[in-house]
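The block underneath contains the structure these notes are about, expressed in structure tokens.
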Amino acid sequence: MGKWRKAVLSGVMAASVLAVPLSVYEAPIAAKAATQALDNKVVQKIDAEKIYQHVSALSVGIGERVTGSEAERKAVDYIAAQYRSYGLDVNIQPFTFQTYEEAKEISIQIAGHSGKGLEPSVFKYSPNTPAEGATGEIMDAGLGRASDFAGKDAAGKIALIERGGITFAEKAANAAAAGAKAVLIYNNTTGPLKSSLPSSGNYVATLGLTKTEGEALKALIEKEQTVTATVKVLGGGMVTKTSHNVVAVKKAHKNHDTGQILYVGSHHDSVPGSPGASDNASGVAVNLEIARVLSSQQTDTEVRFLTFGAEEIGLLGSYHYVSTLTKEEIDRSIGMFNFDMVGSKNAGDMIMFTVDGERNVVTNTGASASSRVFKPLTYGKVGRSDHQPFHEGGIAAAVFSYAPLEPEYHQPTDTIDKISKEKMENMAKVVGAGVYQIARKDTPALERAQVAPKPAEPPFEERPL
Ligand code: BES
Ligand code: ZN
């Protein structure tokens, strides 16, 4: 606790430390009415149509927003423009990351068999071949075990390996160690073979073939004895790309400043192949609407509205943002409210998750606000989203979501027709009231947050994805 903590928060922490009893704290009736009037300053202004419009702009107008893509950048510009229109101080924060770019040219040319028509796929993290390709004799290397190479001369050859027995990485490593120039792994079942090597290690160009293609090559070797091929894998490899966070600040009233900082965050990127309506256009949309409504209210706490890039590839945007906070800022930080997947008709009930499964000032405030403006909320244990870097940085944080997760999670079917205006509206009201409860200038000093009940069963972290 420190000199920055407000009375209301001391109350919350006292409640959670003493923890007797965990039942609802009953405020006097007059205080309750006053609190409701204050909640209404936010709750009655939440506009579900505006939230839905943001989901439409992001998930239909822009569509999938893959980390580092043009579309992600368009989402950033859209979000920044919205925050600016509310009068907030907006900053776009770039950061770089490394990602694997798939090879642009992949081919296998069999000498004397120009019309062969192989359709290889390239393994993720496969090294490239030289520009002219890797030319060598194809050798049947069985399952690619070390014993399959023992006593054979694989140097400069192209190893043809069947799927099965050991891992792809072991097969590729054994072939490379034996001196092969390239590796062709063929399937032992129907369909194409497309997989991944480890992101680092000693490998050579590695491609996947169908069972039919692999068996045909094997038969050709048996028939012709010497079969020479040129394998090309060109243009693949690690590249540096840029993603962005959006940072929109609502400063505290200059004469009523507790010095504290509160964060409201959501990620704006989506996975490849999905328009990310629920994950996470919905979270950004609710974040924007709370920012719009709060921007016309006086607050004694600085509120930073954030949207993060690169969440889907490892929470990179939020890790980057937290890394830019000074120790002094972290000491002034009270809590972080994160939204992730807050709008699917096909998901379950509203819930809060913390990284360690313990309640904190954010879940307590959420529990208190939800029981006033919606219905009492429980909490569970989940990381997997942008509250995690804040938690690790020492800032109380929770993600607000609906669980169990919808079946469209990370699918092309995560589209706007599955979005519930009501779910987003309820979320905006609950968290809007909670954020305002902490940040408003006239917080009643004696108000105490209701403690979120912890469910008897571990709630949703064990649900199937
Ligand atoms: N929205 C999901 C995670 C999530 C699940 C949040 C349940 C709240 C409740 C998020 O975008 C995601 O997919 N995260 C990744 C992990 C991340 C570290 C790459 C995941 O869960 O696989
Ligand atoms: Zn998400």
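Contact annotation: residue pairs with Cβ atoms under 7 Å, 6 or more positions apart or on different chains, pairing a residue in the range 231-247 that is open to solvent by less than 20 Å² (accessible area, probe 1.4 Å) with a partner that is among the aromatic types (F, W, Y) and at pLDDT 95 or above, are S243/F95; S243/F97; N245/F308; N245/Y321; V246/Y83. Per this entry, Y409 is counted among residues that are part of a loop (DSSP other than H, G, I, E, B), open to solvent by 30 Å² or more (accessible area, probe 1.4 Å) and either within 16 Å of ligand 2 (Cβ to nearest atom) or not assigned by TED's automatic domain parsing to the domain that holds G68 (or both). I need the full set of residues from the range 272-301 which are open to solvent by 10 Å² or more (accessible area, probe 1.4 Å), in contact with a helix residue (DSSP H, G or I) (Cβ under 7 Å, 6 or more places away or on another chain) and either of a type in the set (S, T, N, Q) or within 11 Å of ligand 1 (Cβ to nearest atom) (or both), in order please. Result: Q297, single match.
So, in the range 326-340, exactly how many residues are in a loop (DSSP other than H, G, I, E, B) and open to solvent by less than 20 Å² (accessible area, probe 1.4 Å)? Steps first, please.
Within the range 326-340, the subset in a loop (DSSP other than H, G, I, E, B) is 326, 340.
Then drop every residue that is not open to solvent by less than 20 Å² (accessible area, probe 1.4 Å), which leaves 340.
Qualifying residue count for the region: 1.
Restricting to the range 355-406, name every residue that is part of a loop (DSSP other than H, G, I, E, B), open to solvent by 40 Å² or more (accessible area, probe 1.4 Å) and more than 13 Å from ligand 1 (Cβ to nearest atom). Give the derivation first.
Restricting attention to the range 355-406, the residues satisfying the condition of being part of a loop (DSSP other than H, G, I, E, B) are 355-360, 374-378, 382-386, 393-396, 404-406.
Narrowing further to those that are open to solvent by 40 Å² or more (accessible area, probe 1.4 Å): 356, 358-359, 374-376, 378, 384, 394, 404.
D356, E358, R359, F374, K375, P376, T378, G394 - these are the residues of the range 355-406 that are part of a loop (DSSP other than H, G, I, E, B), open to solvent by 40 Å² or more (accessible area, probe 1.4 Å) and more than 13 Å from ligand 1 (Cβ to nearest atom).
Can you tell me which of (1) within 20 Å of T307 (Cβ to Cβ); (2) at pLDDT below 95 is the one A428 doesn't meet? A428 satisfies all of (1) within 20 Å of T307 (Cβ to Cβ); (2) at pLDDT below 95 except (2).
Could you pull out the residue among V373, V399, V382 that is away from ligand 2 (no atom under 16 Å from the Cβ) and β-branched (V, I, T)? Break it down into steps so the answer makes sense when it comes.
Working: V399 fails: away from ligand 2 (no atom under 16 Å from the Cβ); V382 fails: away from ligand 2 (no atom under 16 Å from the Cβ).
That would be V373, the only listed residue that is away from ligand 2 (no atom under 16 Å from the Cβ) and β-branched (V, I, T).
If you go through the range 101-136 and keep only what is over 24 Å from G191 (Cα atoms) and assigned to a strand (DSSP E or B), you end up with A134, T135, G136.
Counting only residues that are near ligand 2 (Cβ under 9 Å from one of its atoms) and not in a helix (DSSP H, G or I), the range 262-286 holds 6 of them. Checking R304 against (1) within 14 Å of ligand 1 (Cβ to nearest atom); (2) part of a strand (DSSP E or B); (3) more than 21 Å from E70 (Cβ to Cβ), only one condition comes out false. Which one? Of everything listed in (1) within 14 Å of ligand 1 (Cβ to nearest atom); (2) part of a strand (DSSP E or B); (3) more than 21 Å from E70 (Cβ to Cβ), R304 misses just condition (1).
The values are calculated or read from the model by the stated rules, or taken from the named source; none is laboratory data. Not measured: the values here are computed from a predicted model. Cβ sites come from the backbone with ideal geometry, for glycine too, and all protein chains shown count toward neighbours. The area values use the complete protein model at the heavy-atom level, side chains included, leaving out ligands, DNA and RNA. Shrake-Rupley method; radii C 1.70, N 1.55, O 1.52, S 1.80 Å.
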